[in-house]
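What follows is a short report on a single structure.
The values are calculated or read from the model by the stated rules, or taken from the named source; none is laboratory data. This is a predicted model, so every value here is computed, not measured. Positions of Cβ are generated from backbone atoms using ideal geometry, with glycine treated the same way; all protein chains shown enter the neighbour counts.
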Amino acid sequence: MNMMSWVQFPLYIVVLLILVKPLGSYMARVYQGERSFLSPVILPVEKFIFKLSGVKPDDEMNWKTYALTVLVFNLVGFFFLYLLLRIQHVLPLNPQTLGALSPELAFNTAVSFVSNTNWQNYGGETTMSNLSQMLGLGVQNFLSAATGMAVLIALMRGLSRHSTNKLGSFWVDLTRSILYILLPLSIILAVLLVSQGVVQSFQANIISQTVDQTSGVVTQTLPLGPAASQVAVKQLGTNGGGFFNVNSAHPFENPTPFSNFLEMLSILLIPAALTYTFGKMVGDRRQGWAILAAMTLILVLMTGIAISAESQGNPAFTAMGIDISAGNMEGKEVRFGVVNSAMWATFTTAASNGSVNSMHDSFTPLGGLVPMWMMMLGEVIFGGVGSGLYGMLAFVVIAVFVAGLMVGRTPEYLGKKIEIHEMKMAALIVLIPVITVLFGTAIALWTESGKASIYNAGPQGFSEVLYAFASAGNNNGSAFAGLGANTPFYNTALGIAMLFARYALIVPVLAMAGSLSQKKIVPTSSGTLPSHTPLFIGWLIGVIIIVGALSFLPALALGPIVQHLILGTGRLF
């Protein structure tokens, strides 16, 4: 790698960390109902929406009402999107002759976008109308992201309040997440992306002629559409669904190195800033910095492994006499190279984003293990907007509880005693994705319909199935190629996994928030475990890694680990 390659990663981390405090502080003001510099413009719109919908901002909910509202709202969104996809061929803004999606594919896609997963078993430019992309997928990109942020804010209130059962209003949190945060940032990013050449147009597809070395003059279809607006929110909302089939590897979605940097930065921007929001809202900024430090250390370690693995190239190509001095360039765009591809793969799977600028299936075994394992940690290393931090807080609760048992004291976090109810909820939050991934993979490998569309043999085929359920079971959305997932079996099985992974987690998160909000504050004593020190940060990292390793090490040993050992012999798999 040249000097510029070495500079890219630390530059990215520095820029990200610089933006954490200003954006995190701004979001805290928004959720606490304080005025911000956008209030003169947005506050009248917010009041109009509340008046039109009959929402009273002061009418707060207990955790059960909050959870029920989240579930019903998302259920309505699912049915609306499912219906839209089924009848898109008879609706306007359909520049091509598109048919309705099959029931299984419509179910999978609707679940995917409502749950903030954005798993895609279709090619956007050939399957979706512009109306489906904008009114269906684009709208859910905002709503699903805002749902995760609202649930996180409810948990923050549970930790910061005491002797109450009120967690705020879901409608208020949802509306403010969109109006004050997601929409303004998306507008800024969309304009910047258009300046780099990302398409934003209602013009029909362009038919052009090009020259092919073997066939001579051939006709090529250049798909257009309102892509920049959807790309912006897909990245900022950690959604990940591409307007085009190959996602951010497509030159109309991600044409330049600068657009690539902007899109990578937007993947982690809000999840990183929410750690500062957390510290400010619970009254102790050190707590937010400690969590950010733990996330960043793991991210740096895993990104380094991915870059190193991909930079070394593929030994099987060396055996064929192919030059691998540029690293493993299979499945990667030349304009991005190894470093940017490995960085993106790690960031997108750390952040529950799922967008790609290279094909993860073409990574080396160890390079492909990194994004797979980042998902298997539960998408808590930054994670999805909102969902990543409430997943991380479950690990914090477990770390505090185990540490308390080791010293023989009742564990406490932010002045709240961590008791059996909180531990049960935290255990559910950590174990539900594990169960979803392992059971889903086992069923797929056990049934004939699951094995029928695995197109690669050996550990590579196993890794593709494991990656698919890791992606669905953690609401990520990225995929290994080589698995024929657009089948009734996988559309249904992965759809169920996405549903379970999203909403079976939200309920215990809110239940834990409701329990914590009713507790009294316990004064800090000499026996209280400080949860902002380097020692606790190291302990938290250890708990996260141990849980991830113990849960998935046997499965990983059957896939990328054994594939790495085989690759050393010069074989292709």
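Pull up region 78-111, narrow it to residues that are out of contact with any Gly (no Cβ under 7 Å at 6 or more places or on another chain) and among the polar types (S, T, N, Q), then point me to the one that is farthest from Leu483 (Cα to Cα). Break it down stepwise before answering.
Kept after step one, since they are out of contact with any Gly (no Cβ under 7 Å at 6 or more places or on another chain), are these residues of region 78-111: 78-80, 82-83, 86-88, 90-106, 109-110.
From the residues that got through so far, the ones that are among the polar types (S, T, N, Q) too are 88, 94, 96-97, 102, 109.
Details: Gln88: 27, Asn94: 29, Gln96: 28, Thr97: 27, Ser102: 19, Thr109: 17 Å.
Taking the candidates together, the pick is Asn94.
Taking the options Gly321, Gly313, Gly283, Gly327, name whichever one is over 27 Å from Gly482 (Cβ atoms), part of a loop (DSSP other than H, G, I, E, B) and over 19 Å from the mean Cα position of the chain (by Cα). Even if it seems obvious, please write down each step before you answer.
Values: Gly321 fails: over 27 Å from Gly482 (Cβ atoms); Gly313 fails: over 27 Å from Gly482 (Cβ atoms); Gly327 fails: over 27 Å from Gly482 (Cβ atoms).
Step by step, each of Gly321, Gly313, Gly283, Gly327 is checked, and only Gly283 is over 27 Å from Gly482 (Cβ atoms), part of a loop (DSSP other than H, G, I, E, B) and over 19 Å from the mean Cα position of the chain (by Cα).
Out of the residues in region 45-82 meeting the condition of being within 25 Å of the chain's Cα centre (by Cα) and either small (Gly, Ala, Ser) or modelled with pLDDT under 95 (or both), tell me which one is surrounded by the fewest Cβ atoms within 10 Å (Cβ to Cβ). Give the derivation first.
Of the residues in region 45-82, the ones within 25 Å of the chain's Cα centre (by Cα) are 63, 66-82.
From the residues that got through so far, the ones that are either small (Gly, Ala, Ser) or modelled with pLDDT under 95 (or both) too are 67, 77.
Details: Ala67: 24, Gly77: 20.
Ranking the qualifying residues of region 45-82, first place goes to Gly77.
What are the pairs, 6+ residues apart or on separate chains, where a residue within region 28-53 that is under 15 Å from Trp171 (Cα atoms) has its Cβ under 9 Å from a residue that is hydroxyl-bearing (Ser, Thr, Tyr) and part of a loop (DSSP other than H, G, I, E, B)?
Hits for this filter: Val30/Ser36.
Starting from region 200-216, keep only residues that are within 22 Å of Ser129 (Cβ to Cβ), then list their pairs with residues that are small (Gly, Ala, Ser) whose Cβ atoms are within a distance under 6 Å, requiring at least 6 positions of separation or different chains.
Cβ pairs passing all conditions: Gln200/Ala228.
Residue-by-condition table, conditions (1) hydroxyl-bearing (Ser, Thr, Tyr); (2) modelled with pLDDT under 95; (3) not in a helix (DSSP H, G or I):
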residue: Thr97; (1), (2), (3): yes, yes, yes
residue: Phe107; (1), (2), (3): no, no, no
residue: Ser112; (1), (2), (3): yes, no, no
residue: Ser132; (1), (2), (3): yes, yes, no
residue: Leu135; (1), (2), (3): no, yes, no
residue: Met149; (1), (2), (3): no, no, no
residue: Ile153; (1), (2), (3): no, no, no
residue: Met156; (1), (2), (3): no, no, no
residue: Thr164; (1), (2), (3): yes, yes, yes
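Taking the options Ser355, Ser362, name whichever one is of a type in the set (S, T, N, Q) and either in contact with a strand residue (DSSP E or B) (Cβ under 9 Å, 6 or more places away or on another chain) or within 24 Å of Ala426 (Cα to Cα) (or both). Explain how you work it out, then say what you get.
Values: Ser355 fails: either in contact with a strand residue (DSSP E or B) (Cβ under 9 Å, 6 or more places away or on another chain) or within 24 Å of Ala426 (Cα to Cα) (or both).
Testing whether each residue is of a type in the set (S, T, N, Q) and either in contact with a strand residue (DSSP E or B) (Cβ under 9 Å, 6 or more places away or on another chain) or within 24 Å of Ala426 (Cα to Cα) (or both) leaves just Ser362.
Can you tell me which residues in region 428-457 are surrounded by 15 or more Cβ atoms within 10 Å (Cβ to Cβ), over 24 Å from Met374 (Cα atoms) and either touching a Pro at 6+ places or on another chain (Cβ under 8 Å) or in contact (Cβ under 8 Å) with a residue 40 or more places away in the chain (or both)?
Gly450
Is there a residue being within 20 Å of Leu23 (Cα to Cα), crowded, with 24+ Cβ neighbours inside 10 Å and touching a residue at least 12 places away in the same chain (Cβ under 8 Å) anywhere in region 353-361? Please lay out each step first, then the result.
Going residue by residue through region 353-361, those that are within 20 Å of Leu23 (Cα to Cα) are 353.
Checking the rest, the ones that are also crowded, with 24+ Cβ neighbours inside 10 Å come to 353.
In the following step, the residues that additionally are touching a residue at least 12 places away in the same chain (Cβ under 8 Å) were identified as 353.
Looking through region 353-361, at least one residue is within 20 Å of Leu23 (Cα to Cα), crowded, with 24+ Cβ neighbours inside 10 Å and touching a residue at least 12 places away in the same chain (Cβ under 8 Å).
Against the condition free of Cβ contacts under 8 Å to residues at least 12 places away in the same chain and not β-branched (Val, Ile, Thr), how does Gln230 come out, does it pass?
Working: free of Cβ contacts under 8 Å to residues at least 12 places away in the same chain: no; not β-branched (Val, Ile, Thr): yes.
The answer is no for Gln230.
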